[in-house]
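First comes the structure, then the notes that go with it.
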Amino acid sequence: MSMVSTSSAAADAHARAHEYYLSQVPHIKASLQHRFTLHPYFAQTEVRQGMRLERLYHQRLLSFERQLALNATGFMIEKDKCAMLNFFQQQNIRIPRVVGIFHEKEAMYKMFEQVQTSSTSYNYPLFVKACHLTQGGDKGTKPAFAKNFTKGHMQKYLFPWVEKKWRQRPTDDNRPWSGTMNHLLSYLKPGIALQTPFRGLRISPEHIPLETKVEVVWGRAYLALFPDYHDIIALRGGKFEYTDRRAEAPEQWTNGNVPDDRLKWMVDGGHMEAVWALAEDVARAIGIDEIRVDVFVDPERPESPMVNEISLSSGHNYMFHAANLARAWIGPHIARLAAERSESKSVWPVPILRRTTKQVHLQTVASVNS
């Protein structure tokens, strides 16, 4: 492909992304006005017009770091899997069943023995998750099958891994915000969660559960990325965009130029509507301005997607949509600051602050709905 045609394709993709952004603004405004309240913890991010997504994530983490002085630890909603899973259960968010959450090793080992004595009561593999190790490089999750819960296998397979991970300190290196994040991570205490698998039909190219990563801004699901399908992006309105990475210029992305209907069934079968709704439920329950919600999809049960995890500092590349996602995130914050200073009215509604003193991850259904 010549540089001219690549530039032309990029310009076309940029224009389409901007047109899509304009189509979503009324929906984001409606969410702000009628369906969303902002937890005060997420109202402290310092923003300005024109910031890139990466910079916004860093600014968010800096606000988390400042709030440590107030004993505010809302970042645990993501960075402590035990806190995250507890929150989802409290809020009735659909997730694979949690067998147990443990901050004491003795109670955890007793649970392992209980699994051994009633092994037919569980679906396998069970996932043993070190709650304080959320970065992929920390390798904080281990699958365990029925045989691994026999006495000999537990001694050789599970116990050494648990002891090692219990002592391991979380790190988030080689990112622009690593220093800030590692300071936050130092506040986490070890914990282990035991969780059943997602039972949906495994149809992804990697023969694992089909997962999509949904970006939600101000309570409105904006787009969803399918990393197992060459980063196909799903948009609202039943549209998909397809990527074409050139070996000579892998960051030169062109969207919509590769015919591919592999995921059209998700629209036709109603799967995407359920995915959008679930991701929005998560964002609104937390009261967060922007979040990535990772959702498992069951091809045979479109009404029953489940949440895998969340991210407050996504590392995915959203190509030409990234700048517009950042604009949508920034705008209401600017409106809030302008209102506080009695300045001219913004085109964005001012976010409604949630009236709560509860830590983000300790919110109850009653406190969210009050």
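Below are the figures for this structure:
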read-out: Whole-angstrom gap from region 261-317 to region 168-205, using each part's C-alpha centre; value: 19
read-out: Most to least accessible of ASP298, ASP268 (protein chains only, probe 1.4 Å); value: ASP268, ASP298
read-out: Total charge dipole magnitude, region 1-87, about the Cα centre, Cβ charges on Lys, Arg, Asp, Glu only, Debye to nearest 20; value: 140
read-out: Mean separation of Cα contacts under 8 Å (6+ apart) over length of the chain, as relative contact order %; value: 25
read-out: Overall Cα dimensions of region 79-205, principal axis frame, Å, largest first; value: 46, 33, 33
read-out: Gain in span if fully extended, SER121 to ASN369, counting 0.36 nm per residue against the direct Cα distance; value: 85.7 nm
read-out: Farthest positive-ward along the chain dipole, Cα basis, beta-carbon charges - from THR356, HIS316, THR134; value: THR356
read-out: Most fluctuating residue given options ALA144, ALA13, ALA338, as computed from a GNM of the chain linking Cα atoms under 10 Å; value: ALA338
read-out: Gain on full stretching of the segment that runs from TYR187 to HIS27 - 0.36 nm per residue minus C-alpha separation; value: 53.9 nm
read-out: Ellipsoid semi-axes in whole angstrom, largest first, where each is sqrt(5λ) of the Cα gyration tensor of region 309-353; value: 26, 13, 7
read-out: Accessible area per residue, Å², region 160-233 with all protein chains present, probe 1.4 Å; value: 39
read-out: The chain: angle of helix 3-34 to the longest principal axis, Cα-based, in degrees nearest 10; value: 80
read-out: Prolate/oblate/rounded label for region 287-370 (Cα gyration tensor, a/c 1.5); value: oblate
read-out: Proportion of all alpha-carbon pairs of region 169-226 beyond 14 Å (%); value: 74
read-out: Cα pair distances exceeding 29 angstrom across the chain, given as percent; value: 45
read-out: Tilt relative to the chain, helix 81-90 - C-alpha long axis, 0 to 90 degrees, to 10; value: 80
read-out: In degrees, nearest ten, helix 53-67 long axis to first principal axis of the chain (Cα); value: 60
read-out: Hits among lysines - C-alpha to C-alpha of LYS164 under 29 Å, sequence gap 8 or more where chains match; value: LYS79, LYS81, LYS105, LYS110, LYS129, LYS139, LYS142, LYS147, LYS151, LYS156, LYS189
read-out: Rg/Rg_ref, region 1-160, where Rg_ref = 2.2 N^0.38 Å and atoms are Cα; value: 1.52
read-out: Fraction of accessible area attributable to carbon and sulfur, region 40-115 (%, probe 1.4 Å); value: 45
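The values are calculated or read from the model by the stated rules, or taken from the named source; none is laboratory data. Note that the structure is a prediction, hence the values are computed from the model and not measured. Positions of Cβ are backbone-derived with ideal geometry, glycine not excepted, and every protein chain shown enters the neighbour counts. Accessible surface areas use protein heavy atoms only, side chains included; no ligands, DNA or RNA. Shrake-Rupley method; radii C 1.70, N 1.55, O 1.52, S 1.80 Å.
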